[in-house]
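Structure first, then comments.
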Amino acid sequence: MKHTIWIVLCLLAPGCVSKKEEQKAQLKNEKKWWKEAIVYQIYPRSFKDSNGDGVGDLRGIIEKLDYVKSLGVTAVWLNPIYSSPNADNGYDVSDYRNIMAEFGSMEDFDELLRKMHERDLKLIIDIVVNHSSDEHEWFKQSRSSRNNPYRNYYHWWPAEKGKPNYRYSLFDETGDAWKYDERTNAYYLHYFAAKQPDLNWENPKLRQEVYAFMRFWADKGVDGFRLDAFQFAAKDTTFPAFPLGFEKDFVKYYAMQGNLHEYLKEMNREVFSKYDVMSVAEGAGNTMEDAHNLVDADRNELNMAYAFEGVDIAKSTGYDLVHFKKVFSKWDSAFAEKGWVSIFLANHDQARMVSRFASDAPEFRAASAKLLNTFILSMRGTPYCYYGDELGMTNPGFEKIEDYRDIQALNMYKKTQNSGGDVNAYLKELKFSSRDNGRTPMQWDSGQNAGFTSATPWLAVNSNYNLINAAAQDDDAASVLNHFRRLTELRNKKDVLVYGKYTLLLKDHPQVYAYTRVLDDKKVLVLLNFSGSDSSVSLDEFDSVSDVLINNYTELELDGRTVRLKPYQAAMLTFE
Ligand code: NOJ
């Protein structure tokens, strides 16, 4: 009876049947292009300088599109390319509808997008709307008077109310996220640098402005959006006091506040739902539930989670592989039926993955880089490959503060100095973890400045560019680069690597990360020796291991049912 009533109601309600079908498909974790994509992240400033000013630019990327295509990646994420005074390398936008002068013009952008699409490459752009630049017209207006129509585009606290409750700033040299502005005798909020005032998402007008410029880019044909720091965008504008020392765990207090989900649903209605675009926000909240609420298809917010728990594991003191396996397996199982995740070990906010997660020592570097790329390209979740990691680029080993350009490094150095901290210890930490480690210019060849620029590069080229560069590796079948190409070829061909079920094996093995990916009758076994010594694993539970799909050594030593893996050996096998 209930069933009949439902059918009758459904026939009366247009769209009901298709809604139901849609929900069913969503629950089954349906196929999508962005799940099958291999994303290549380009930090435009560091990729290729075409006009000899020491800074990478859009025409430089255009020059290198055939190289990008040759990698077998299918989408490119570009860090911000909009007009910016570059306090934070473009993460401080002064005009969301224009191109940064150093990077070129809108014509260059249109040409880049056209040429990417001609090559079947999708383009994901970075949307920075937790904050703008203080040089954005909105902020100039906003700070000019308390009655200005743009006043509420930002968070202001009138000084006559006293000092607002403390908020921690990630980049400010004093650590204080409130900056006093004498023009209107008020404080404005900046979670990042003082030149990056936080936008007021509680203001519907501001939200509509953002959706409008997002549609401007979607109308041009971009294929996706990455939302910078968006989990911090919503705020309790009464700015209550947080417990003393909250900054040690600031994400807990800053992320997923207030109406964030409502804003994402609105953005989805106003922008994402109108185009075939993918969406990913930086960060995935504080809990698995937060992450699901951000990306499950029936939530109508974002497409995939970009969680930091995995990438945050490596410390200068090392890390525990058993923990690493546990974290990645936990995320996989939480998203096995519903939702989708991103897989990455590096980006522009991290040091080089080979220096953090494996070994950049000369004897191990190439094998290590191949191993990490094998990991990223064989996990379930959309892989994000950071420029230069396809070559095994390493940390540059900067020694002095003058070597750095990153606002975070420079301001935290000042903060350490001003508070009488140990600057040498801080420099040592920077050498391992600074963001500039991952931003050194792309190493194209062994010519001047690694072929990146004919001028002085904005950030020094890693001195190992004679040894590690794209031209040399292109000619070498055994190179990290050509291994990367074989990996992407495998992933692009094999649905099992995209959609196949992931099962962790040998969870307590301290050196080897082993797992299977299974889809119907297709079965892949992945073996990764994350250590600098030989390691053995037993294949007893597999009836037969047949083809070696890929291997970063010329041989794979099988002794009966035991595989002996060489240092940093990585292989994918099929099995019955
Ligand atoms: C996160 C970005 O990835 C980082 O590079 C930037 O500095 C901050 N957000 C502020 O926009």
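Coordinate-derived values only; no laboratory data. This one's a predicted model, so the numbers in the text were calculated from it and none came from an experiment. Virtual Cβ from ideal backbone geometry, glycine too; neighbours counted across all protein chains shown.
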* Asked: Considering the zone a paramagnetic label at LYS330 would reach in this model (a point 7 Å from Cα along the Cα-to-Cβ line), which residues of the stretch 293-315 have amide N under 13 Å from it?
  -> 308-313
* To do: List, in order, the whole-Hz ³J(HN,Hα) value for each residue of the stretch 562-571 obtained from phi through the Karplus relation with A = 6.51, B = -1.76, C = 1.60 and θ = phi - 60°; use x for Gly and Pro.
  => 10, 9, 9, 9, 6, x, 6, 6, 9, 9
* Short version: ³J(HN,Hα) in whole Hz for each residue of the stretch 141-156, in order, from phi by Karplus 6.51 cos²θ - 1.76 cosθ + 1.60 (θ = phi - 60°), x for Gly and Pro, what are they? -> 5, 4, 7, 6, 7, 5, 9, 4, x, 8, 3, 7, 6, 10, 9, 10
* With each label point set 7 Å from Cα along the Cα-Cβ vector, what nm distance links SER105 and ASN424? -> 5.3 nm
* For the chain, what is the charge dipole size about the Cα centre, in debye to the nearest 20, if Lys and Arg each add +1 at the Cβ and Asp and Glu each add -1 at the Cβ? -> 1200 debye
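Where does the chain land at 222 nm, in deg cm²/dmol rounded to the nearest 500, when only DSSP H runs of n ≥ 4 count, each adding -39500 (n - 2.57), divided by all residues?
After summing the helix terms and dividing by residue count, I get -9000 deg cm²/dmol.
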* For the chain, what value does the Rg/Rh ratio take when both radii are computed over Cα atoms and Rh is the Kirkwood radius, given to two decimals? -> 0.97
* **Whole-angstrom gap from the stretch 538-576 to the stretch 440-505, using each part's C-alpha centre** => 25 Å
* **Sorted by Cβ neighbour density within 10 Å, fewest at the top, the residues GLU557, GLU266** => GLU557, GLU266
* **Shape parameters for the stretch 137-189, alpha-carbon atoms, Rg then Dmax in Å** => 11.2, 31
* Picking from PHE398, HIS483, VAL39, whose Cα lies most toward the positive end of the charge dipole for the chain (charges on Cβ: Lys, Arg +1; Asp, Glu -1)? -> VAL39
* Given a Förster distance of 41 angstrom, what is the FRET efficiency for LEU244 paired with ARG119, based on the Cβ-Cβ distance and rounded to 0.05? -> 0.15
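Mind scanning LYS32/LYS370; LYS205/LYS252; LYS179/LYS248; LYS64/LYS428; LYS326/LYS415 and naming the pairs with a C-alpha gap bigger than 30 Å?
Working: LYS32/LYS370 27 Å; LYS205/LYS252 28 Å; LYS179/LYS248 21 Å; LYS64/LYS428 35 Å; LYS326/LYS415 36 Å.
Going by Cα-Cα distance, LYS64/LYS428; LYS326/LYS415 fall outside the 30 Å limit.
Counting only trypsin sites (Lys or Arg not before Pro) that sit in a DSSP loop (anything but H, G, I, E, B) with at most 14 other Cβ atoms within 10 Å, what is the longest stretch of the chain containing none of them? Intermediate results must be reported in sequence, preceding the final value.
Values: sites that count: LYS28, LYS31, ARG119, ARG146, LYS400, LYS507, ARG561.
After excluding every exposed loop site, the longest remaining stretch is 147-399.
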* Between GLU402 and GLU137, with labels modelled 7 Å along Cα→Cβ, what's the label distance in nm to one decimal, could you check? => 4.2 nm
* Nonlocal amide H pairs with VAL341, under 5 Å, H built at 1.01 Å -> ALA305, THR382
* To do: Take every DSSP beta bridge whose two residues both sit in the chain, then give the antiparallel share in percent to the nearest 5.
  => 65 percent
* **Residue order, fewest to most surrounding Cβ atoms within 10 angstrom, among THR562, THR516** => THR562, THR516
* Asked: What does the charge dipole of the stretch 450-576 about its Cα centre add up to, to the nearest 20 debye, if the Cβ of each Lys and Arg holds +1 and the Cβ of each Asp and Glu holds -1?
  -> 420 debye
* **At R0 = 56 Å, FRET efficiency that the Cβ-Cβ distance of TYR180 and SER533 yields, to 0.05** => 0.45
* Structure fact -> Given all pairs of distinct Cα atoms, the stretch 488-575 yields a Kirkwood Rh in Å of 13.2 Å
* Near-label residues of the stretch 289-314 by backbone N, under 17 Å of a point 7 Å along Cα→Cβ of VAL251 -> 289-295, 304-314
* Considering the options LEU71, SER105, GLY56, tell which one lies farthest towards the positive end of the dipole of the stretch 38-105, charges being +1 on Lys and Arg and -1 on Asp and Glu at the Cβ, about the Cα centre. => LEU71
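Multiplying the sequence separation of ASP349 and LYS161 by 0.36 nm and subtracting their Cα-Cα distance, what value in nm do you get?
Values: separation 188, 0.36 × 188 = 67.68 nm, distance 3.69 nm.
Separation in residues times 0.36 nm, less the Cα-Cα distance, equals 64.0 nm.
If I take R0 = 51 Å and measure r between the Cβ atoms of LYS220 and ASP320 in this structure, what FRET efficiency does the formula 1/(1 + (r/R0)^6) give, to the nearest 0.05?
Once rounded, the FRET efficiency stands at 0.65.
Only counting other Cβ atoms within 10 Å, I'd like ASP228, ASP276, ASP540 sorted with the fewest neighbours first. Can you show the working numbers first?
Details: ASP228 22, ASP276 12, ASP540 9.
Ranking ASP228, ASP276, ASP540 by Cβ neighbours within 10 Å, fewest first, gives ASP540, ASP276, ASP228.
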